[in-house]
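Please treat every number below as a calculation from the coordinates, not as lab data. Remember, it's a predicted structure, so these values are computed and weren't measured experimentally. Here Cβ is always computed from backbone atoms with ideal geometry, including for glycine, and neighbour counts include all displayed protein chains.
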Amino acid sequence: MGFLTKLLSNSVFMAFLALALGYLFGRISFGGLKFGTSGVLIVALILGSFGMQIPSVLGSIGLVMFLGCVGLSAGPSFVTNIKANFWGFIATTLAILLSAGVTIAMAVKIFNLPIDLSLGVMAGALTCTASLTSTLEIVGSDSAAGVGYALAYVFGIISIVLFVQIIPKLFKANVEE
């Protein structure tokens with residue numbers, strides 16, 4: 001029993017356990033919907049609510065690996081897509097950022113939310129991990145930005161899952177084409 005207690009108190013072991021459980025959770029189909037890699041974040045949120053913490057260096061390594069994987073998966077067609085739809089991407093990006101910025105500014109002003117929490121919510125709602133990283137560098141890693149990000153990220157991912165997986169099914173669209 002002492003070995004199990006020692007193992008469960010090891011933060012590195014718990015981080016990899018969270019990764020494994022999150023990966024498995026992401027592969028489970030809920031009525032045809034899968035959370036994919038977001039399953040790791042959902043499991044991490046659940047474990048974090050029970051007080052699990054990981055060393056900050058491990059979190060930084062995980063973040064860099066995540067962003068690297070996103071870049072690699074987007075890489076082959078990224079430049080081609082940007083060239084073909086450049087101004088459309090610019091206009092869409094500006095519209096999203098402007099509406100998100102105005103919404104967060106209103107939330108800070110009307111509801112007196114702390115700015116670090118609000119910036120974390122914006123990063124999470126936009127599912128933009130790079131934005132969270134920039135926010136944490138400015139306001140500090142011990143701020144409420146991470147909490148705001150985690151809470152909003154779940155809803156952002158659910159929205160993406162609904163949009164990408166359910167909407168095409170409703171309209172009988174073939175996403176592969």
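Loop-located trypsin sites (Lys or Arg not before Pro) in the range 81-177 (DSSP state not H, G, I, E or B) with no more than 13 neighbouring Cβ atoms inside 10 Å: Lys172.
Taking chymotrypsin sites (Phe, Trp or Tyr not before Pro) across the range 19-54, the ones in a DSSP loop with at most 15 further Cβ atoms lying within 10 angstrom of their Cβ are Phe50. Simple rule: put +1 on each Lys or Arg Cβ and -1 on each Asp or Glu Cβ in the chain, find the dipole, and look at Val154, Phe13, Phe25; the Cα lying farthest toward the positive end is Phe25.
Among Gly62, Gly140, Gly71, which one moves the most in a GNM of the chain with springs linking Cα atoms closer than 10 Å? Residue with maximal mean-square fluctuation among Gly62, Gly140, Gly71: Gly71. Close amide H contacts of Ala144 (hydrogens built in the peptide plane, cut-off under 5 Å, sequence separation of 5 or more or a different chain): Leu117.
So which helices of the chain fit the span-like rule, where a helix is a whole DSSP H run, its Cα atoms reach 20 Å or more along the axis, and its mean Kyte-Doolittle is at least -0.5? Result, helices passing both filters: 11-27, 56-111, 145-161.
Measuring nothing but how far apart in sequence close Cα pairs (under 8 Å, 6+ apart) lie, relative to its length, the range 1-54 scores a relative contact order of 35 percent.
Only one residue of Gly88, Ser99, Gly140 has its Cα farthest out toward the positive end of the dipole of the chain, where Lys and Arg carry +1 and Asp and Glu -1 on Cβ, and that residue is Gly88. Each label point was placed 7 Å from the Cα along the Cα-to-Cβ direction; for Leu94 and Phe111 their separation is 2.9 nm. When the label point is put 7 Å from the Cα of Leu63 along its Cα-to-beta-carbon vector, which residues of the range 25-56 have a backbone N closer than 11 Å? Answer for the range 25-56: 56. Once the chain from Met52 to Thr80 is taken as fully extended at 0.36 nm per residue, the excess over their C-alpha distance is 5.8 nm.
The alpha carbon centroids of the range 96-111 and the range 16-58 are separated by 29 Å.
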